[in-house]
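Written out below as structure tokens is the structure these notes cover.
The values are calculated or read from the model by the stated rules, or taken from the named source; none is laboratory data. Remember, predicted model here, so these are calculated numbers, not experimental data. Here the Cβ positions follow ideal geometry from the backbone for every residue, glycine too, while neighbour counts run over all protein chains shown.
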Number of protein chains: 2
Amino acid sequence: MSGSIVIAGLGPGSETQVTPEVTAALAQATDVVGYIPYVARVAPRRGLTLHPSDNRVELDRSRLALEMAAEGRRVVVVSSGDPGVFAMASAVFEAVEAGPLTWRAFDIRVLPGITAMLAAAARAGAPLGHDFCAINLSDNLKPWSLIEKRLRLAAEADFAMAFYNPRSKSRPEGFAKTLEILKTICADARPVIFARAVSTPEEEIRVVCLPDCTVEMADMRTMVIVGSSTTRIIARDGTPIVYTPRSVPA
Amino acid sequence: MSGSIVIAGLGPGSETQVTPEVTAALAQATDVVGYIPYVARVAPRRGLTLHPSDNRVELDRSRLALEMAAEGRRVVVVSSGDPGVFAMASAVFEAVEAGPLTWRAFDIRVLPGITAMLAAAARAGAPLGHDFCAINLSDNLKPWSLIEKRLRLAAEADFAMAFYNPRSKSRPEGFAKTLEILKTICADARPVIFARAVSTPEEEIRVVCLPDCTVEMADMRTMVIVGSSTTRIIARDGTPIVYTPRSVPA
């Protein structure tokens, strides 16, 4: 007996950004597992059981999904954005590695989605059009010292930077320290994008120069994208365009 | 008079990974502009003019698109993957910035797509499940010294790394130097993924430990993903699973 399981990315919020392969997997599922607000995006229907669960129980959720797959159910684990970027795919593979050897024989498919940083970048222009990095600013699962080290090296490398989970009520300090570090190291007026709730009715895009950034511009629904030293602003009526040119002169 | 233009990502190759908003934009287009193999992915129909052009003429292509938009045509500029990641969005904005002021008033929409690194990561497991960076290894538009600096700092930051354009016939040396630098700095057997032609019938996924990587494992259709020091391999029959855990212990 061999189970199968799909780990699918729902994109940032709009149904128009869900890929057809994800829609097809959901249509064939018997069980959908995931964080409450993401499972809420899947329409209920006969024959489909929804298994919403709370934040921070990713491993329990993964084991539930794998156990149901072992019983022959067609399980889809849903993530917002892309499941491989700070989302459920790594959690499921952690459970696979720690679990019974039979789980390794499952047909496990990861279906990519539009991750938040690329949806946010698209709304602002093309700030990630040159080399860039993606950093999860939450220190729930790694020491703050590692985040700080990565910020310093990323600034030195002159990467554009996309920050996931910049700020939460339980971690008010990290984003303040992040801004302080970047203001000191970069020491320029490069553009920063605060993209909140991208592709939903609550979407807000704000472009601010680095020295003017403040902590309260971000919350847990915000992607923050910091330009590199070459990132440019095209002024116009309304929100400016932010893009990073393809070239860096020698 | 105000024009409108869409810059759309077609994803890595499979039609099942094209978002509905991109499909809708193509259905309404009067003109599709892009690199020959990407325009070839758009089905011809009455009322649609296809404008395929060769590689390395991105600025000319962007100006053509903007000029047609100014005439009131519904232009879609297509990229493979995501248009904001080493693709056409930055080129169009370079043309906008250098062009007549009227172009800035256009309604310019970037529609994100599944970028190659995320499609490749999904096929391999979840190698980008923790902090990572994306580097274009082509030195057509930037000095090699900058690439080398970024590689060294990214390794020091212990990012997983995704490499676009690792190797071409005109640039045989860069990827050899890249492997040499990483083997020296990382000095471990971390997994490297060579993902060729992902989501097409020619797809090949190969997982190799860093010391065993050789230059000819990559070509221009290959995405290379190098794990961080924490990236793990789950052995099993067939291609192993590669993933980066969500946690880094203090």
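Inside the range B:82-111, residues that are more than 8 Å from every other protein chain (Cβ to nearest Cβ), buried (at least 22 other Cβ atoms within 10 Å of the Cβ) and among the small types (Gly, Ala, Ser) make up a count of 0.
Scanning the range B:238-250 for residues that are facing chain A (nearest Cβ under 7 Å) and more than 22 Å from A:Val57 (Cα to Cα) yields a single hit, B:Ile241.
Residues in the range B:130-142 that are facing chain A (nearest Cβ under 7 Å) and within 19 Å of B:Asn165 (Cα to Cα) were compared, and the one that is surrounded by the fewest Cβ atoms within 10 Å (Cβ to Cβ) is B:Leu141. B:Ala43: without any contact (Cβ under 8 Å) to a residue 12 or more places away in the chain, among the aliphatic types (A, V, I, L, M), surrounded by fewer than 18 Cβ atoms within 10 Å (Cβ to Cβ) and in a helix (DSSP H, G or I), yes or no? It is false that B:Ala43 is without any contact (Cβ under 8 Å) to a residue 12 or more places away in the chain, among the aliphatic types (A, V, I, L, M), surrounded by fewer than 18 Cβ atoms within 10 Å (Cβ to Cβ) and in a helix (DSSP H, G or I). Residues in the range B:153-173 that are under 12 Å from B:Ile135 (Cβ atoms) and touching a residue at least 40 places away in the same chain (Cβ under 8 Å): 8 in all.
Among residues of the range B:11-40 being among the small types (Gly, Ala, Ser) and touching a Ser or Thr at 6+ places or on another chain (Cβ under 6 Å), the one that is surrounded by the most Cβ atoms within 10 Å (Cβ to Cβ) is B:Gly13.
If you go through the range B:112-129 and keep only what is assigned to a loop (DSSP other than H, G, I, E, B) and more than 7 Å from chain A (Cβ to nearest Cβ), you end up with B:Gly113, B:Pro127. For A:Val92, the stated conditions do not hold, so it cannot be described as modelled with pLDDT of 95 or more, in contact with a Ser or Thr (Cβ under 7 Å, 6 or more places away or on another chain), closer than 23 Å to A:Arg56 by Cβ and assigned to a loop (DSSP other than H, G, I, E, B).
The residues in the range B:160-184 that are surrounded by 13 or more Cβ atoms within 10 Å (Cβ to Cβ), of a type in the set (D, E, K, R) and not in a helix (DSSP H, G or I) can be counted, and the count is 2.
Within the range A:1-28, residues that are farther than 19 Å from A:Ser90 by Cα sit with their Cβ atoms under 6 Å from residues that are part of a helix (DSSP H, G or I), at 6+ positions apart or across chains, in these pairs: A:Ser2/A:Ala105; A:Thr16/B:Pro20; A:Thr16/B:Glu21; A:Thr19/B:Gln17; A:Pro20/B:Thr16; A:Glu21/B:Thr16. For B:Glu173, the conditions (1) of a type outside the set (Lys, Arg); (2) within 12 Å of chain A (Cβ to nearest Cβ); (3) more than 30 Å from A:Gly99 (Cα to Cα) are fulfilled apart from (2).
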